[in-house]
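Undergrad: Please read through the structure below; I'll follow up with questions.
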Amino acid sequence: MNTHIASQKEPFIIGSSNLMEYENKLTKLNFGMLMFCEKGEATITIDLNEYHIVQNTNIILIPGSIITIKNATPDFKIVYFIFSTDMFRTACFRLEPAFFQFISENPCYTPKQGDELKPLKNLIKGGEAIYNDRENKFREDIAQSLLQIFIWDTYDKVQRLFTPEQINGSNRKEELFKKFIGLVHHNCTQQRDVAWYANELCISSRYLASIVREITKQGTAKDIIDKFIILELRVALQTTNLSIKEIADQFNFPDQSFLGRYFKKHMGMSPKEFRQQKDYSQKNEISLCNLSKL
């Protein structure tokens, strides 16, 4: 996968891959990614959900997504358009947060027979020419325009094909639940207190708890927060060289011991044991992760 290109920290990259550098390894994307499956099959986990990828599947990953690949067939191949967080923000600054929450909840789409298959694939294929034209002084602007056209087109399709209830929630409780999930996704590394999220939603902790129970039919708001935190901690342990103390500081834990007890409660082992078991001490070799400094 164009490792020499990825290391240049460009604002966008277009190419093809079998995604094997994500195989059985959690990676948090500090960039966005549009993908189109040309052939083969694979299972991709995005944040806390698993998806089966087949030929013609469209995938939209917004910055901050956590992914891993498994069970890929030998012929699995995708074409991709990677874009920096800044390019993403500029391309979609006019659109409301509910749209991006909907996309994060529905990142994969496999068109049915007779549906239009080409917009994403054409975007990527069409972008290859400008990506390879290093002398074009408008190269980045054109790439950003291509990304913006795709996002606007996707926004239009979402608005036409899905009801406001499907996008925002069918009632006030579902709307609040969606907002809660979005808040947890973006703030869990710093905020573990249910009361903080309730305050952000301008409701009581008790009401938030009742909403979660009603919609999920199991678990609590704290359970959801913990699942996201543990996912983020696993990524940090697998893909960084930070010490356990540095991770504790980064995640706003009181100290290393507190982090150790918290992690063991949910994973059944200490952070050190988890890191040794997974043997991810050479994580910085993941070429696309070099884009995290874009």
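Nothing in this text is a laboratory measurement; each read-out follows from the coordinates by a stated rule. Source: prediction; values computed, not measured. Cβ placement follows ideal geometry from the backbone for every residue including glycine, while neighbour counts extend to all protein chains displayed.
Undergrad: Take each of the peptides 61-67, 220-226, average the number of other beta-carbon atoms within 10 Å over its residues, and list them starting from the highest.
TA: Those peptides, ordered most packed to least, come out 61-67, 220-226.
Undergrad: Using a ≥ b ≥ c from the Cα gyration tensor of segment 1-145 (square roots of the eigenvalues), is it rounded, prolate or oblate, where a/c under 1.5 gives rounded and otherwise the larger of a/b and b/c decides, a/b for prolate?
TA: Verdict is rounded for segment 1-145.
Undergrad: Return the FRET efficiency for the residue pair Q159, S243: r is the Cβ-Cβ distance, R0 is 45 Å, and the value is rounded to the nearest 0.05.
TA: For R0 = 45 Å, the calculated efficiency reads 0.45.
Undergrad: I142 versus M269, label points 7 Å from Cα toward the beta carbon: distance in nm?
TA: 5.0 nm
Undergrad: Would you please give the residues with an amide H less than 5 Å from that of E23, counting only those at least 5 places away or on a separate chain, with H modeled from the backbone geometry?
TA: Distant-sequence amide H within range of E23: I69.
Undergrad: Counting alpha carbon pairs within less than 8 Å and at least 6 residues apart, what relative contact order, in whole percent, applies to the chain?
TA: Normalised by residue count, the contact order of the chain is 20 percent.
Undergrad: Another question, if that's okay. Once phi is turned into ³J(HN,Hα) by the Karplus curve 6.51 cos²θ - 1.76 cosθ + 1.60 with θ = phi - 60°, what whole-Hz value does each residue of segment 258-272 show in order, with x for glycine and proline?
TA: Each residue's phi maps through the Karplus curve to give 4, 4, x, 5, 4, 5, 5, 4, 9, 10, x, 7, 6, x, 5 Hz.
Undergrad: List, in order, the whole-Hz ³J(HN,Hα) value for each residue of segment 212-226 obtained from phi through the Karplus relation with A = 6.51, B = -1.76, C = 1.60 and θ = phi - 60°; use x for Gly and Pro.
TA: 4, 4, 5, 7, 8, 6, 7, x, 9, 4, 5, 4, 5, 4, 4
Undergrad: Rg to Rh ratio, the chain, alpha-carbon atoms and Kirkwood radius?
TA: That ratio equals 0.97.
Undergrad: If I take every Cα pair under 8 Å that is 6 or more residues apart in segment 3-165, average their sequence separation and divide by the length, what percent do I get for the relative contact order?
TA: 26 percent
Undergrad: For a 24 Å ceiling on Cα separation, which of these pairs sit above it: K25/K227; K112/K217; K77/K178?
TA: K112/K217; K77/K178
Undergrad: Moving on. Going Cα to Cα from K245, which aspartates and glutamates come in below 12 Å? Please leave out same-chain ones fewer than 8 positions away.
TA: Output for K245: D255.
Undergrad: Please find, in a Gaussian network model of the chain (springs between Cα atoms separated by less than 10 Å), the residue of Q277, Q166, Q256 whose mean-square fluctuation is greatest.
TA: Among Q277, Q166, Q256, the largest mean-square fluctuation in the Gaussian network model of the chain belongs to Q277.
Undergrad: Pop out the ³J(HN,Hα) list for segment 85-99 in order, Karplus 6.51 cos²θ - 1.76 cosθ + 1.60 with θ = phi - 60°, rounded to Hz; leave Gly and Pro as x.
TA: 4, 5, 5, 5, 4, 5, 6, 10, 5, 7, 8, 7, x, 4, 5
Undergrad: Per residue and in cubic angstrom, what volume does the convex hull of the Cα atoms of segment 20-63 have?
TA: Normalising the Cα hull of segment 20-63 by residue number yields 80 Å³.
Undergrad: In square nanometres, what is one fourth of the surface area of the convex hull spanned by the alpha carbons of segment 172-281?
TA: Orientation-averaged projected area of the Cα hull: 6.9 nm².
Undergrad: Right, here's the next one. Summing Lys, Arg as +1 and Asp, Glu as -1, what charge do residues with Cβ under 14 Å from the Cβ of R134 carry, R134 excluded?
TA: Taking every Cβ under 14 Å from that of R134, the sum is -3.
Undergrad: Give the relative contact order (percent, whole number) for segment 160-270; include only Cα pairs under 8 Å separated by 6+ residues.
TA: That works out to 20 percent.
Undergrad: If you average the alpha carbon positions of segment 186-252 and of segment 126-143, how far apart do those two centres end up, in angstrom?
TA: A separation of 40 Å, based on Cα centres.
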